[in-house]
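To start, the structure under review is shown below, and the notes come after it.
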Amino acid sequence: MAKNLTPVWNKIAKHAMLPETTHDERARYNFLSNLNKHLAHVSHGTKTAYETRVEPQFEKEHGRKIQNREELKEAIEKDPHYQIWSSLRRSTMEMRQQAGRSLTLRQAKALRDKASALNKDKATLVLNPEVKVPDYLLAVDNHIMPGSYHTELLEGDVSPAANYDSGIFVTTAGLIGRYSDGGGKAITTWVRQNYPDFKPKRILDIGCGLGHNVLPIAKAFPDAEIIAIDTGAPMLRYGHARAMDLGYENVTFMQMDAAETIFEDASFDWVQSTMFLHETGGKSIYKIMDEVHRLLKPGGLTLHIEQPQYTDEMSEYEKFMRDWDALNNSEPYWSKMHDIDPAELMVKAGFDRDSFMQIGAKAENDLVEGGVNAEEPEDFGRSPIWNVFGAIKK
């Protein structure tokens, strides 16, 4: 494989629920994946434009340096290089959704029927139509995906999850592995290396989506009871059917709001989330962390994979670039997650400050020999290099 190209779409792992694709549909995905990678390189020119044109012009006009992201945004949006890069990046997301929805919706009924057959009479799929999708999710089409994760176009629909599963390869440029589970693999490896005697009997994955990151945990701890929760019924139907086809029997998918679960106090050894908290709005993140603390047993572990947090040491330019998805990709709660001090978040929920931990994690990628290439450019949001924070409950 050429070093400067992303893995081709047909290298991703196939399972019964993955939508079927034509030659042209695969070609579109491959083009968009490579365009995303190319734009990660182009973004470095945006920094050059900022340093050589935008910032000097601002200082000339105002007699001082740019002081915050709001001023930076107003100044840089006038620059032609930024305009081209940003518009192309937004266009890749629109084209990715158009490509994914076109191939998914033409087979929506067939996918629904496959999921129904795989899920039939299985106690490990628990849907509850009384569960209300939170207002903060109803208010936005995440990743500009029409209808987001929860909208059902037909009874028993799974098309939002099928669209997400088939196209996440595009937005990550193939950097999170054949099953798009590089995050779940990374955190599982870290836990086993750092807590070799940790033998959780009960694990909760919150905001599981279609479950791609909980399955590596299920594989690593086959004797544990694992529960994965989400409010989106299409994601759960698809995720459960996908897990069934891949041979996972120890994960129960349940429709539930992570801020208001039905589980008893101190009933889990490990509570986990992967790229979920940045999609929670309002005060929900605080309610969710309160719930995490309530659910953990003494000595229990919680870990949350997220984007890097903003720090005083981080430049205003980097903060602005990391805000791009909030401003342009229908991720309005992304910035708030960046600004939160995770240690304060966890202390407020009841965790001891001295039990707080924060680590870096990089996706385990079995699509590329040797894993994620260290030379991959940082694109401020797409690269699978994450901040992981958590604590042990005392």
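For region 168-188, enumerate the residues that are over 12 Å from Thr274 (Cβ atoms), of a type outside the set (Phe, Trp, Tyr) and either open to solvent by 50 Å² or more (accessible area, probe 1.4 Å) or modelled with pLDDT of 95 or more (or both). Within region 168-188, just Arg178 meets the criteria. Filtering region 244-265 to residues that are free of Cβ contacts under 8 Å to residues at least 40 places away in the same chain and of a type in the set (A, V, I, L, M) leaves only Ile262.
With the condition kept exactly as written, say whether any residue in region 307-316 is under 22 Å from Ile187 (Cα atoms) and in contact with a Leu (Cβ under 6 Å, 6 or more places away or on another chain). For region 307-316, residues under 22 Å from Ile187 (Cα atoms) and in contact with a Leu (Cβ under 6 Å, 6 or more places away or on another chain): absent. When the strands (runs of 3 or more DSSP E) confined to region 251-332 are screened for residues that are surrounded by fewer than 20 Cβ atoms within 10 Å (Cβ to Cβ) and of a type in the set (S, T, N, Q), those reaching at least 1 such residues are found at 251-255. Cβ-Cβ distances below 9 Å connect the following pairs, each with a first residue in region 357-377 that is closer than 15 Å to Pro308 by Cβ and open to solvent by 60 Å² or more (accessible area, probe 1.4 Å), a second residue that is at pLDDT 60 or above and among the aliphatic types (A, V, I, L, M), and a separation of six or more residues or different chains: Gln358/Ala343; Gln358/Val388; Gly360/Ile385; Gly360/Val388; Lys362/Ala186; Lys362/Ile385. Determine, yes or no, whether Leu125 is open to solvent by 30 Å² or more (accessible area, probe 1.4 Å) and in contact with a strand residue (DSSP E or B) (Cβ under 8 Å, 6 or more places away or on another chain). So Leu125 passes the test. Here is the figure for region 189-204: residues that are open to solvent by 10 Å² or more (accessible area, probe 1.4 Å) and not in a loop (DSSP other than H, G, I, E, B) total 6.
Listed here are the residues, each with its yes/no results for (1) at pLDDT below 95; (2) over 21 Å from Trp85 (Cα atoms); (3) of a type in the set (Asp, Glu).
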site	(1), (2), (3)
Val292	no, yes, no
Trp324	yes, no, no
Trp334	yes, no, no
Met337	yes, yes, no
Asp379	yes, no, yes
Ala391	no, yes, no
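Among the residues of region 297-321, those that are under 16 Å from the mean Cα position of the chain (by Cα) and modelled with pLDDT of 90 or more comprise Leu303, His304, Ile305, Glu306.
Is at least one residue of region 219-235 within 30 Å of Ala27 (Cβ to Cβ) and out of contact with any Asp or Glu (no Cβ under 7 Å at 6 or more places or on another chain)? Taking every residue of region 219-235 in turn, at least one turns out to be within 30 Å of Ala27 (Cβ to Cβ) and out of contact with any Asp or Glu (no Cβ under 7 Å at 6 or more places or on another chain). If you filter region 80-105 down to residues that are more than 21 Å from the chain's Cα centre (by Cα) and within 29 Å of His240 (Cα to Cα), you find that the one that is surrounded by the fewest Cβ atoms within 10 Å (Cβ to Cβ) is Ser102.
Taken over region 221-250, residues that are under 14 Å from Tyr164 (Cβ atoms) and not in a helix (DSSP H, G or I) amount to 2. Considering the conditions (1) at pLDDT below 95; (2) out of contact with any Lys or Arg (no Cβ under 6 Å at 6 or more places or on another chain); (3) not hydrophobic (A, V, I, L, M, F, W, C), Glu74 is excluded by exactly one of them, (1). Counting the residues of region 13-29 that are crowded, with 20+ Cβ neighbours inside 10 Å and within 29 Å of Phe380 (Cβ to Cβ) gives 2.
Against the test of being modelled with pLDDT of 95 or more and more than 24 Å from the chain's Cα centre (by Cα), the options Ala16, Ala49, Ala108, Ala115 yield a single qualifying residue, Ala49. Only one entry in Ala40, Ala49, Ala110, Ala139 is free of Cβ contacts under 8 Å to residues at least 12 places away in the same chain and either open to solvent by 40 Å² or more (accessible area, probe 1.4 Å) or in contact with an Asp or Glu (Cβ under 6 Å, 6 or more places away or on another chain) (or both), namely Ala110. Taking region 52-79 as the range and being without any contact (Cβ under 8 Å) to a residue 60 or more places away in the chain and surrounded by 15 or more Cβ atoms within 10 Å (Cβ to Cβ) as the test, the residues that pass are Arg53, Val54, Glu55, Phe58, Glu71, Ala75, Asp79. Whenever a residue of region 203-217 is touching a residue at least 24 places away in the same chain (Cβ under 8 Å) and closer than 13 Å to Phe276 by Cα, its partners that are open to solvent by less than 20 Å² (accessible area, probe 1.4 Å) and among the aromatic types (Phe, Trp, Tyr), lying with C-beta atoms within less than 6 angstrom and at least six residues away or across chains, give the pairs Leu210/Tyr238.
The values are calculated or read from the model by the stated rules, or taken from the named source; none is laboratory data. As the structure is a computational prediction, the values presented were derived from the model and not from experiment. Glycine also receives a Cβ, built like all others from the backbone with ideal geometry; neighbour counts cover every protein chain displayed. Heavy atoms of the whole protein, side chains included, go into the accessibility calculation; ligands, DNA and RNA do not. Shrake-Rupley method; radii C 1.70, N 1.55, O 1.52, S 1.80 Å.
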